[in-house]
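For reference, the structure is listed below as structure tokens.
Taken together, the values in this text are just the output of simple stated rules run on the coordinates, not laboratory data. Owing to the predicted nature of the structure, the values given are computational and were not obtained by experimental measurement. Neighbour counts run over all protein chains shown; Cβ positions are idealised from the backbone, glycine included.
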Amino acid sequence: MRRFILLSALLVAASASAQEYEEPLAPLNGVGRITVQGGWRLTTNNTFYDSFYSLPAHQGMARAPVSPGGPFLAGSFGYSVSELFELGIDVFATAEQLRLTGAPTLTNITYGALIGLRFQTLWDILTPEGVVPFVGLHTGPTLLYSLAKDVGNREVVTQAWVGSVGATFRLSSRWGITAEYRLAFARGQSVFNTRPEYKNLASFNGGGNWFALGVTYMLAPEPSRPFSPL
């Protein structure tokens, strides 16, 4: 019994000592990041639908159901200028189809590049290297491309504004899983607007709600080197 008590005491002491000398979490300052994400886009496009079914040629027709959404892909490149802020560049593409009553299916594609600032912090919870929650604001040139069978295609360039919120779950000092939600604002003129019968048709929503899950690779910060005169 005495041996068991002595062994237990030694194990507790060793555990306390290990916790005392446990290495701190890898910092955020100076860390580069590459994230590849995939997900789904949801956009109601109510304004576009209301305008479409108010046109003389489509009044009284059964209203088509809203779009179920479409795929979303993005690649992000970020650099933490401090423990609290990260600058980043995103390239993205997303699409959806609007199946309209009495008209060809309209395919809308939104793609472009964004530059943004994210506010971040580090929580020592859940994963071995902690969780990095963030909120951000992004903007940049965006192309909205629409096409419909037997009608043609059309592309317009605009500036999108995107707000984001999410978190990176750091599984190690190099790898993590990132979950993110983005609310995007971008509108474009559809290919239907090139036809006289659709003259007063409203623009479509090329933004909407973007949900994504991805893999993040973190680049170690450059080691600081003392200045040495020549």
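The table for this structure:
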item: Per-residue ³J(HN,Hα) for segment 126-141, Karplus 6.51 cos²θ - 1.76 cosθ + 1.60, θ = phi - 60°, Hz, x for Gly and Pro; result: 6, 10, x, 10, x, 10, 10, x, 8, 9, x, 10, 9, 8, x, x
item: Cα-Cα separations in segment 35-159 greater than 25 Å, expressed as whole percent; result: 42 percent
item: Cα-projected label distance for GLU155 with PHE211, points at 7 Å along beta-carbon direction, nm; result: 3.1 nm
item: Acute angle (nearest 10 degrees) that the helix 2-20 long axis makes with the longest principal axis of the chain, alpha-carbon atoms; result: 50 degrees
item: Signed unit charges on C-beta, dipole axis of the chain, positive-most listed residue ILE177, THR142, SER54; result: SER54
item: 222 nm mean residue ellipticity, helices alone, for the chain (DSSP H n ≥ 4; -39,500 (n - 2.57); rounded to 500); result: -3500 deg cm²/dmol
item: FRET efficiency, LEU42 to TRP175 (Cβ-Cβ, R0 30 Å, nearest 0.05); result: 0.55
item: Equivalent ellipsoid semi-axes, segment 25-93, via Cα gyration tensor eigenvalues times 5, rooted, Å; result: 44, 12, 9
item: Isotropically averaged projected area of the chain, using the convex hull of Cα atoms (one quarter of hull area), nm²; result: 21.3 nm²
item: Along each principal axis, Cα extent of segment 73-125, largest first, Å; result: 55, 25, 13
item: Two-decimal log10 I(q)/I(0) for segment 85-222, as the Debye equation yields it once each C-alpha is a single scatterer, q = 0.11 Å⁻¹; result: -0.51
